[in-house]
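Here is the structure we will look at.
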Amino acid sequence: MSTATEAAVYCPAMLLAAPASGQGKTTITAALARYFRNQGKVVRVFKTGPDYLDPQILAQASDGPVEQLDLWMAGENYCQQKLYEAARDADLILVEGVMGMFDGDPSSADLAARFNLPLAIVMNVKGMAQTAAAIATGLASFRDDVQCCGLIANNCSTARHAELIRDPLPETVPLLACLRTDDAVTLPERHLGLVQAEEVKDELEQRFELGAQWIADGAEPGGLTELPPAVPFYPAPLPVVTPRLEGRTIAIARDRAFSFIYDANLRLLRELGAELCFFSPLNDSELPDADAVWLPGGYPELHAAALAENQPMQDALREFHRQGKPMLAECGGLLYSLESLTDLAESPHRMLGVLGGEGTMRGKRGCQGMQTAMLPEGEIQGHAHHRSRSDGTPDPIGHGRRQRHSAPGEAIYRERGLTASYLHLFFPSNPDAVARLFGAEIES
């Protein structure tokens, strides 16, 4: 990390963490972003860890791009540089944490400690009073390298409730806000998390505006409606990317069935020199003229009937596969590549059949975790998050390597030019391997 004082850029910043999932972090981060945006501030929001759905929500709320920050998946230098770039243009940086603040390795607290981000504790205080203050005090003092700037008490609907929480808090953990219970600001959810922003864009706008007022009404004096402390951010220049995909076009599936796409992945492909175009397996009847195809994750199980009915698109993708051109299918893209997919209503639907096997949804049971894709082209960091299984698939060419466990991770399949797995890949973790995956020639 650069330590030159002249290289630092200072910007108010805050990381919102919680004792557990389900405390309201995303709702509060989105409402806070909209509050300050409405005050004329440029707000840049980041999401801790691998996530596709929260960033869609937060991007709309803040009216700006949202990056993932993960010290393992993206790397320390990548996270440092993205924060520095944001600090050069923003009036405020908000980072939404993941799970509980000390959960995972690295955790939200690790990220806050590494970049000196003031950390606000978001807690659902329903059913608690002084105990909420005790938990917040314990979290704030658990590590001496984490700077806690206060408590945001969610579902705190009366002045008396707020008083019972506020009074026992130490001066080092001030109460920043008491936010009343309000279903009108809560974000809609489904089985893998939040509903995609594009599906409920107008509804979200109403919730964001109500959320901004919710923040204003619930903020303590000198609390959540004041900008947090400014902290220094330093540059960490990243390796130069060689344009090894120059002259190649990559067709990317993007619609309501396939939308789990990191902006960082698109940016990396463009830095590699690729021309990107997009198509809809739901609505289009033919593929764009392309040298490679990417079928990202998403919700094919919610649109399986429509995907099955679009035979012209299925035929086009089968022909592309028959020609042996590079194809990458991730998670939902893997399910689409199989012979059939049984949806949440237990109805089977015919899929592409470019990879043998059947996919079946599993309700609430699933798999998630950080893994490295062990590919012939090189190792690429990624993660798994799915509630389906695949049966009758061919022998894999390898498996993901789990971050902290010796058991084999997700299977990786290869049929002709198709590479398919449940793993979602983070392309910037190995640009050279990604270039080869999409058809770049191996350099001597």
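Some notes on this structure:
- The residue of segment 162-183 that is modelled with the lowest pLDDT, among those that are in a loop (DSSP other than H, G, I, E, B) and not acidic (D, E), is T181.
- If you check D91, D105, D110 for being at pLDDT below 95, assigned by TED's automatic domain parsing to the domain that holds D51 and of a type in the set (D, E, K, R), only one passes: D105.
- Residue match in segment 342-350 (condition: buried (at least 22 other Cβ atoms within 10 Å of the Cβ) and either small (G, A, S) or in contact with a strand residue (DSSP E or B) (Cβ under 9 Å, 6 or more places away or on another chain) (or both)): no
- Among the residues of segment 270-303, those identified as outside any loop (DSSP other than H, G, I, E, B) and not hydrophobic (A, V, I, L, M, F, W, C) are R270, E271, E275, G297, G298, P300, E301.
- Yes/no for T360 being farther than 29 Å from N430 by Cα, in contact (Cβ under 8 Å) with a residue 24 or more places away in the chain and in a strand (DSSP E or B): yes
- Among all residues of segment 233-248, there is none that is buried (at least 20 other Cβ atoms within 10 Å of the Cβ) and of a type in the set (S, T, Y).
- Test: M14 is under 30 Å from R401 (Cα atoms), touching a strand residue (DSSP E or B) at 6+ places or on another chain (Cβ under 9 Å) and not hydroxyl-bearing (S, T, Y): no
- Which numbered condition S141 fails, given (1) crowded, with 21+ Cβ neighbours inside 10 Å; (2) farther than 27 Å from L53 by Cβ: (1)
- Only one of the numbered conditions (1) buried (at least 23 other Cβ atoms within 10 Å of the Cβ); (2) within 24 Å of Q213 (Cβ to Cβ); (3) touching a helix residue (DSSP H, G or I) at 6+ places or on another chain (Cβ under 6 Å); (4) of a type outside the set (K, R) is not met by V95, and that is (3).
- The number of residues in segment 336-359 being at pLDDT below 95 and farther than 21 Å from R256 by Cβ comes to 1.
- Cross-chain or 6+ apart pairs with Cβ under 6 Å, segment 88-111 first and under 11 Å from L71 (Cβ atoms), then surrounded by fewer than 22 Cβ atoms within 10 Å (Cβ to Cβ): P106/L71; P106/W72
- Per the listing N124, N116, the residue uniquely within 15 Å of K25 (Cα to Cα) and either within 26 Å of the chain's Cα centre (by Cα) or not aliphatic (A, V, I, L, M) (or both) is N124.
The values are calculated or read from the model by the stated rules, or taken from the named source; none is laboratory data. As the structure is a computational prediction, the values presented were derived from the model and not from experiment. Because the Cβ atoms are built from the backbone with ideal geometry, glycine has one as well, and the counts that use them run over all protein chains shown.
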